[in-house]
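A short write-up of the structure that comes next.
The values are calculated or read from the model by the stated rules, or taken from the named source; none is laboratory data. All figures in this text were calculated on a predicted structure; none of them were measured in a lab. Note that each Cβ is placed from the backbone with ideal geometry, even for glycine, and that neighbours are counted across all protein chains shown.
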Amino acid sequence: MHRKTFLAALAATAFCLSAPAVAQGFPSRPVTLVSPFPAGSGSDLTARAVSQGLSDALGQPVIVDNRPGAGGSIGAQSVARAKPDGYTLFLASLSFSVLPSLMELGFDPVKDFEAVTLMGLQSLVFVVPPSLPVNSMAELAALAKSTPGKLNYASAGIGSIGHLTGELLKNERSLDIVHVPFKGTPEALTAIMTGEVQMGLIAMPAVEAQIKAGKVKALGVTGSRRERSLPDVPTMAEAGFPSMGDSVWYAVLAPSGTPKDVIARLNAAFRETLAKPATIERLEGPAKTSPTVSSPQEATDYVRAQLAKWSGVAAKAGLQPQRTTK
């Protein structure tokens, strides 16, 4: 009995002594950052904007691995099932918070991940055709109220953020506006520019040039502050529509069970990376993303709040998870 007690104590001591060494020796090989969308997407641009700086901070290569498909669930599932050692990370975004409302998943978006940090925020812009006789969100809501069923809103597909934000607008203002889903953002934006559809929420990288060219009118931007390149466009909160103010967010997640000291090491590396002028320039340039950092707990709370919010909106919109083929 005494021998068993001694061996148990010895094992516990060995574990305690080895635990800090996990982070001290981490990483000893390349780290993979999985982007669940294809090359050239916002997720891909954001991942590649930080990869070099993160490599420098960690002292090991950081490889961006694009695993697109099924709305981002294929990439997410690959990380959820990866070994929880910090070498495989997932770049989650706003679309991640909608996934449970769209399809049956092979993973739990809460239980199967550990948050490392928030990484960035990208504004969305609510736009209308130049010919529409409104110049503010309030005027748009008034026009929709006076012409029930006559105005349409575009989105990049059922369950997209453009779709669900339109549902928020409908529900909160009791408006009768019609959803028109398109194949993707380019098609939705074209329909708004031509006046085929009267409104839509479009990501900043896709729409900024069209706004400056006068091909669409911007009525509001998401986020807590105005866009520097669009200083005359109010935030959605300033426009009186605060619930529609969520930007596209990016957060880094690791598989559940990743050691806390490894999470802390990764968090510190992201903080170092996101403070570098070169990283900031790459993020704010092509990716149109504002660098954002947080503690792991803050990132956890934020992602869970987003999951709760958008699942509620999706439920009110009548969306039900669809079975996926395996």
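Which helices (runs of 4 or more DSSP H) does the range 227-326 wholly contain that include 3 or more residues that are among the hydrophobic types (A, V, I, L, M, F, W, C) and crowded, with 17+ Cβ neighbours inside 10 Å? Steps first, please.
Values: elements: 260-274, 277-284, 296-316.
Output list reads 260-274, 296-316.
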Notebook entry, point to check: Hey, any hits in the range 182-200 for a residue that's among the polar types (S, T, N, Q) and either in a strand (DSSP E or B) or farther than 24 Å from Thr289 by Cα (or both)?
Noted result: yes
Check: Thr5 passes all but one of (1) closer than 20 Å to Trp249 by Cβ; (2) modelled with pLDDT under 90; (3) over 19 Å from the mean Cα position of the chain (by Cα); which number fails?
Finding: (1)
Checklist line | Hits in the range 82-115 (condition: in a strand (DSSP E or B) and within 14 Å of the chain's Cα centre (by Cα)) | finding: Phe90, Leu91, Ala92, Ser93, Ala115
Check: Is it the case that Asp44 is modelled with pLDDT of 95 or more, farther than 16 Å from Val116 by Cα and part of a helix (DSSP H, G or I)?
Finding: no
Check: Looking at (1) assigned by TED's automatic domain parsing to the domain that holds Val221; (2) in contact with a strand residue (DSSP E or B) (Cβ under 7 Å, 6 or more places away or on another chain); (3) at pLDDT 95 or above, can you tell me which one Glu114 breaks?
Finding: (1)
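Residues in the range 205-223: is at least one among the hydroxyl-bearing types (Ser, Thr, Tyr) and either assigned by TED's automatic domain parsing to the domain that holds Leu94 or surrounded by fewer than 16 Cβ atoms within 10 Å (Cβ to Cβ) (or both)?
Our first condition is that a residue be among the hydroxyl-bearing types (Ser, Thr, Tyr); within the range 205-223, this holds for 222.
Filter once more, so that each one left must be either assigned by TED's automatic domain parsing to the domain that holds Leu94 or surrounded by fewer than 16 Cβ atoms within 10 Å (Cβ to Cβ) (or both): none.
Looking for residues that are among the hydroxyl-bearing types (Ser, Thr, Tyr) and either assigned by TED's automatic domain parsing to the domain that holds Leu94 or surrounded by fewer than 16 Cβ atoms within 10 Å (Cβ to Cβ) (or both), one finds none in the range 205-223, hence no.
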Margin query: Here are the criteria: (1) under 25 Å from Pro133 (Cα atoms); (2) in contact with a strand residue (DSSP E or B) (Cβ under 6 Å, 6 or more places away or on another chain). Tell me which single one Trp249 does not satisfy.
Written below: (1)
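Specify the residue that is farthest from Leu175 (Cα to Cα); the eligible residues are those in the range 116-148 that are part of a helix (DSSP H, G or I) and in contact with a Leu (Cβ under 8 Å, 6 or more places away or on another chain). Talk me through it step by step, then tell me what you get.
Restricting attention to the range 116-148, the residues satisfying the condition of being part of a helix (DSSP H, G or I) are 137-146.
Cutting the leftovers down to in contact with a Leu (Cβ under 8 Å, 6 or more places away or on another chain) gives us 137, 140-141, 143-145.
On the way: Met137: 13, Leu140: 11, Ala141: 8, Leu143: 10, Ala144: 6, Lys145: 6 Å.
Result: Met137.
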